[in-house]
1. For the stretch B:248-296, with every protein chain kept in place, what is the accessible area per residue (1.4 Å probe, Å²)?
2. Less than 17 Å from a label point 7 Å out along the Cα-to-Cβ axis of B:Asn140: which backbone N atoms in the stretch B:20-35 qualify, by residue?
3. Can you tell me how the stretch A:119-192 classifies by the Cα gyration tensor, rounded, prolate or oblate, using a/c under 1.5 as the rounded cut?
4. Percent of accessible area on the stretch A:137-291 owned by carbon and sulfur, 1.4 Å probe?
5. What accessible surface, in Å², does a 1.4 Å probe find on B:Ile28, ignoring ligands, DNA and RNA and rounding to the nearest 10?
6. A drop of at least 30 square angstrom in accessible area, chain alone versus all protein chains together, probe 1.4 Å. Which residues of the stretch B:194-240 meet that?
7. Identify which of A:Gln289, A:Gln111, A:Gln31 has the largest mean-square fluctuation in a Gaussian network model of chain A, with springs joining Cα atoms closer than 10 Å.
8. Quick query: amide H of B:Arg393 versus all other amide H atoms, modeled in the peptide plane; which residues come in under 5 Å with a sequence gap of 5 or more or a different chain?
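The values are calculated or read from the model by the stated rules, or taken from the named source; none is laboratory data. What you see is a predicted model, and the numbers here were worked out from it, not measured in a lab. We place every Cβ from the backbone using ideal geometry, glycine too, and count neighbours over all the protein chains shown. Just so you know, the surface numbers come from the protein's heavy atoms only, side chains and all, with ligands and any DNA or RNA stripped out. Shrake-Rupley method; radii C 1.70, N 1.55, O 1.52, S 1.80 Å.
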Amino acid sequence: MKHLLTGALRREDAISLLDAAEDMHEVQDRQLKKLPALRGRTVVNAFFENSTRTRSSFEIAGKWLSADVINVSGSASSVKKGESLRDTVLTLAAMGIDGIVMRHGDSGAAQLAADWLDVSFPSVRVINAGDGAHEHPTQALLDAFALRRRLFGAQSRGRGLDGVRIAIAGDIAHSRVARSNALLLPALGAEVTFVGPPTLLPPGADTWNTTVTTDFDAVLQQPLDALMMLRVQLERQRGAFVPSVGEYIVGWSLTDERRAKLDDDTVIMHPGPMNRGLEISSRAAEGLQSAVLEQVTSGVSLRMAVLYSLIAGEEPQ
Amino acid sequence: MTTIIRGAKILGGETADLLVEDGVIAEIGRVSAEGDEIDAAGLVALPGLVDLHVHFREPGGEQAETVATGSRAAAQGGFTAVFAMANTSPVADSVAVVELVHDLGRRAGLVDVRPIGAVTVGLHGERLAELGLMARSRANVRVFSDDGKCVHDPLLMRRALEYVRPFGGVVAQHAQEPRLTENAVMHESELSGRLGLPGWPSVAEESIIARDALLAEQTDSRVHVCHVSTAGSVDIVRWAKARGISITAEVTPHHLMLTEELLAGYDPLYKVNPPLRRDEDVFALREAVADGTIDIVATDHAPHADEMKRTSFEDAAFGMVGLESALPVVLKTLVEPGHIEIADVARVLSSAPAAIGGLTGYREPLAVGAPANITLVDTADSSVFTTERLAGRSLNSPFLGIELPGRVQHVLHNGYRTVAEGKVVE
Ligand SMILES: [Zn+2]
Ligand SMILES: [Zn+2]
């Protein structure tokens, strides 16, 4: 694997990344967290779209691997000043960096960056930290990592998620998290169900490797190992996706009542940031079943594993 | 001035000489006169091609194309007349701008450049532009379009149709329901869902065409549908024609050949509006040209400077250049599979678009007494399409690297040679 652009990984590649993340996770428990693995390497966090949590997670991951991490944010980048995305990416690469972690509001941006770099700077690695409504592969990997630890604890290494039943609920259509999970989790053997308002399911979702339904309560009546709630974005209301917040909550929110009906060991997940009271109640977000903070912690370990496996193998530029 | 074209296959049929005198076709047959000779042995003689839909970007977008560079692209492609869309900056919504474009075309001197007037002021869709004044100007505008945008307000569309009727004008509609296509960048489909790109559903085109057909019937006026792209649109146009409505329709070469699968790598080169669609749409469009439901092929030649395409798919500009590749793509997608004959090419790429646009001199292809607009094509040639064949200012062709049949060798425009041995004559 040269770049990490998509959650569509081969099972063995995904498992080896998850296992590498286990190694990194152990380091997090130490007092001295820094590993020398990427000393002398430079990673640019190019965030053309703001995301404090994902950027911080990558930044910490890079620093704990002793890489030099440079943040380029949307406002500081020159894209807004008329420089093309291609020019910006190639300019960063020309400074002699080893990897670029890229978040962009447009679908396919990371893939294009990788295509441009493969021609001019083939040693530079691209890690997709979220592209538009397309993919967010490290999020899917950290979800798989956190869930695997929850389910299998110390016996996690080497395992997939075979037979694990996961429902992903909310705005599937605009969710890069949903797309990456729909590709990654089934590759690990999991059974994925998408549930959301009919207006927020992507066209052709029935052809994905998932079950698709609009009936949240019916989904909750089936045994579930994990339930992942997605963020709902009310600013999309000009798109007339749902009649009202109230109607959304009645149909698709993880309310206290719905949570009470879940099995005690169903893991509740959310990629954050959460709209408490909208897609998830505060109690559901914070109860013992919730893995929300573990997901955040896992994010650092998983991203360390990704940076390490993509960049450490190469000779420095 | 006398030019003799020796031994051309007239409209792909019998071999004959063409005598051109004083800018007019004087004789077709065995010509014994003397003058400039063009050896056309093995070449097919077509009438000069006419494109009802190009974007020449001038004024305002000269980094992508000018009337002069666009005229070169047109000549290279075998065209002798083009209709230039109004979405320039400033918009061609006034006598001043349409006369400017008209005059720039004359100065370039390679093809007739007929300006298209905007339907609404600034293409804003709020009030009618001065359609009658543009019609009476020396630009002699007969085609009106807000292309790039849809005249979506049904009342404005009705008024425009009513207003142009007395002077034989036509409203060319870019059929795109705006609310159904907010932020849309590709065909809405299983693929758009996977790629996470906002979809442009077929119904956004079809619903406008259906409405406009009924408005044309109501007003007894002429509507022309730009760049039809879906099988459903074909059905609606077919229905409207059967009902006797004055509706004409065009298809672009790229919609006759390319499909949405090309977008899987997010290459902005393939970003175009309306978007590339499915195989079934391509087949329906080809059949619609064959049965006459679609009247013409028009390029929607849309040049863009490199930087407009070297960015993310969603951020990139819509459009592709098409003048130089139009005839080869028509040969490949319509003639080679047997949908139409070479002689029909003269209709869909010359006489029919001229008739829709009110352009004289093209009524009967290669008629004695008509202006000498003649394109000589080597239909036996088959070669990989490269940037060397592009004569305009921009290189955003989706056909680069694809083997295409046919090569334009010589073009006469009003008797003057604009292309010789495959190269534009300066
Ligand atoms: Zn258009
Ligand atoms: Zn156009």
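1. Details: 1360 Å² over 49 residues.
Accessible area per residue: 28 Å².
2. Residues passing the 17 Å test: B:23-24.
3. Details: a/c = 2.62, a/b = 1.37, b/c = 1.91.
The shape class here is oblate.
4. Here carbon and sulfur together make up 49 percent of the probe-accessible area.
5. Counting only protein heavy atoms, B:Ile28 exposes about 60 Å² to solvent.
6. The answer is B:Arg194, B:Gly196 - residues whose exposure falls by at least 30 Å² when every protein chain is included.
7. A:Gln31
8. B:Thr66
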